[in-house]
1. Of everything in region 68-100 that's assigned to a helix (DSSP H, G or I) and of a type in the set (Ser, Thr, Tyr), which residue is surrounded by the most Cβ atoms within 10 Å (Cβ to Cβ)?
2. Would you say residue 177 is closer than 30 Å to residue 410 by Cα and in contact (Cβ under 8 Å) with a residue 24 or more places away in the chain?
3. What are the residues in region 318-334 that are over 37 Å from the mean Cα position of the chain (by Cα) and closer than 19 Å to residue 379 by Cβ, if any?
4. Got at least one residue in region 379-386 being crowded, with 19+ Cβ neighbours inside 10 Å and of a type in the set (Val, Ile, Thr)?
5. Taking region 101-142 on its own, how many of its residues are surrounded by fewer than 18 Cβ atoms within 10 Å (Cβ to Cβ) and over 26 Å from residue 231 (Cα atoms)?
6. Kindly provide the set of residues from region 409-456 that are assigned to a helix (DSSP H, G or I) and charged (D, E, K, R), ordered by number.
7. Looking only at residues that are assigned to a strand (DSSP E or B), without any contact (Cβ under 8 Å) to a residue 60 or more places away in the chain and of a type in the set (A, V, I, L, M, F, W, C) in region 373-396, which one is nearest to residue 437 (Cα to Cα)?
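What follows is calculated from the coordinates using simple rules that are stated; it is not laboratory data. Remember, it's a predicted structure, so these values are computed and weren't measured experimentally. Every residue, glycine as well, gets a Cβ built from its backbone with ideal geometry; the counts of neighbours run over all protein chains shown.
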Amino acid sequence: MSRPPPDAGPGLWVPVASLLLACAVFVADLRRPLGFAHSLLYVMVVVLALGYPRAGFAAGSAALGTALTVLGFFLSPPGGDPGQGLFNRSLAVLLMWTIAALVARYQRAQKALIDGRREAQAYLDIAAVAIVVLDREARATLINRKGCEILERSPEEVLGRSWFDCFVAERCREDSRAGWSRLIAGEAPAEYDYLENVVLTRSGGQRHMAWYRTIMRDAEGRVNGSLSSGEDITERRRAEDLLRRQEALAQLGQMAAVVAHQVRNPLAGIKGAIQIIGSRLPPGSPDRQVVSSILERIQALNEMTRDLLMFARPRPPRLAPVQLHSLLRDAAALLKANPDYAGASVAISGADHTVSADAELLKDAFLNLLLNSAQAMNGTGTIDVSVEATGDRARIAIRDTGPGVPAEIRERLFEPFFTTRHRGTGLGLPIVKSQVEAHGGEISLAFPDRGGTVVTVSLPAAD
């Protein structure tokens, strides 16, 4: 929320300027006969009190002007019309005290307004939801303490900025703006509506918000903005997604058991029979190529079945202290052993750290990520892996120099069975995510403007 300024003591420039101006007017008044209306200039001394909101300053300025006006009546040089001089000075005194009364009334109204805004601020700041007011151009004109906490920003960083352009995630920005525009235009079914969207925090995080919005009107009844109250439902949505995922995994686990029994075991027998048939073919026979192709397809199907079993029925990690550099070097060696990625190299930087992990599971996860990076670079280039400590966690960032990921599919990369590769299972990244989370870690993706992809894995450090 825009906060009223504290009652800091006003500077001394207003009293000094008022005194100097009064002296100047007094000197000018003494140089002219009584008939001249120089005393009316004392009105400006009283007007200066607008810049000095101390109680009684306006009355004091009027009293000073009155005293100098009366003194000037007796000390002015002879000449002129005394009656006219008396009238001018009486009018000046009347104007000074009238303006002093108006200035004092204005200052009381200003103080009441500031006190009212401060009281409203206190009410809004204790609210457990975010409260945001937008003007007709969708600029933030008010935000409370909870809203600032969610955005991880101060009021000064929010007020006056375009709400949708600066604080709403790109994927839901247009829909949110369109719904808000319909509300402001009076095209919504009612003068309030409900909306869910995602806002961006200073640290780069995202919070899922549920908003109730209504329009605001001025004294003439014209719409001049909107008032929204928003609840952070990020954790609730995560819990709901986790519950749905667990239900889906339970069903997938049952299917995986059937696959293991009905497909995997017969597949091993078929593979052995085909190998025997292939060994009996004479050298140079064109059928050897057919047998080789069949074996490749069987191997791909076997790997798909293995991924399905791993995703549906993950093995619980057996935790032990693990050195990250050693683990990453082992994963890089497995990548180099694949002839398809012989042109890819892995550069590991940063200090070594120890994490609490299952070495085999974690090595498989990092190998999967390195394979994705190598595939993105067409098997050629350098994959940068940096390791650093952040508090009680170790942070591993894997960067490739590939073309990056199109914006329209970035949100689906961790979705099971979603893939853009020929013959891909779409389970690689979901399995990695499951393995990292089983270690109490987190995984995220970033897409720099210069291209490439950065995968960041955060793991708890070993005790």
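1. Residues of region 68-100 assigned to a helix (DSSP H, G or I): 68-75, 82-100.
Then drop every residue that is not of a type in the set (Ser, Thr, Tyr), which leaves 69, 90, 98.
Numbers: 69: 22, 90: 13, 98: 13.
By that ranking, first place goes to 69.
2. Values: closer than 30 Å to residue 410 by Cα: yes; in contact (Cβ under 8 Å) with a residue 24 or more places away in the chain: yes.
Here the answer is yes, as residue 177 does meet what is asked.
3. Residues of region 318-334 over 37 Å from the mean Cα position of the chain (by Cα): 330, 333-334.
Hits for region 318-334 are 333, 334.
4. So the first thing to find is which residues in region 379-386 are crowded, with 19+ Cβ neighbours inside 10 Å, and the list is 383, 385.
From the residues that got through so far, the ones that are of a type in the set (Val, Ile, Thr) too are 383, 385.
Taking every residue of region 379-386 in turn, at least one turns out to be crowded, with 19+ Cβ neighbours inside 10 Å and of a type in the set (Val, Ile, Thr).
5. Adding up the residues that qualify gives 12.
6. Residues of region 409-456 assigned to a helix (DSSP H, G or I): 409-412, 428-438.
Those that are assigned to a helix (DSSP H, G or I) and charged (D, E, K, R): 410, 411, 412, 433, 437.
7. Initial filter on region 373-396 (assigned to a strand (DSSP E or B)): 380-390, 393-396.
Pick out the ones that are also without any contact (Cβ under 8 Å) to a residue 60 or more places away in the chain and you get 380-386, 388.
Among the residues that remain, those that are also of a type in the set (A, V, I, L, M, F, W, C) are: 383, 385.
Working: 383: 23, 385: 20 Å.
The extreme case among them is 385.
Okay, residues lined up against (1) among the polar types (S, T, N, Q); (2) crowded, with 16+ Cβ neighbours inside 10 Å:
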residue	(1), (2)
287	no, no
298	no, yes
306	no, no
320	no, no
323	yes, no
340	no, no
348	no, yes
360	no, no
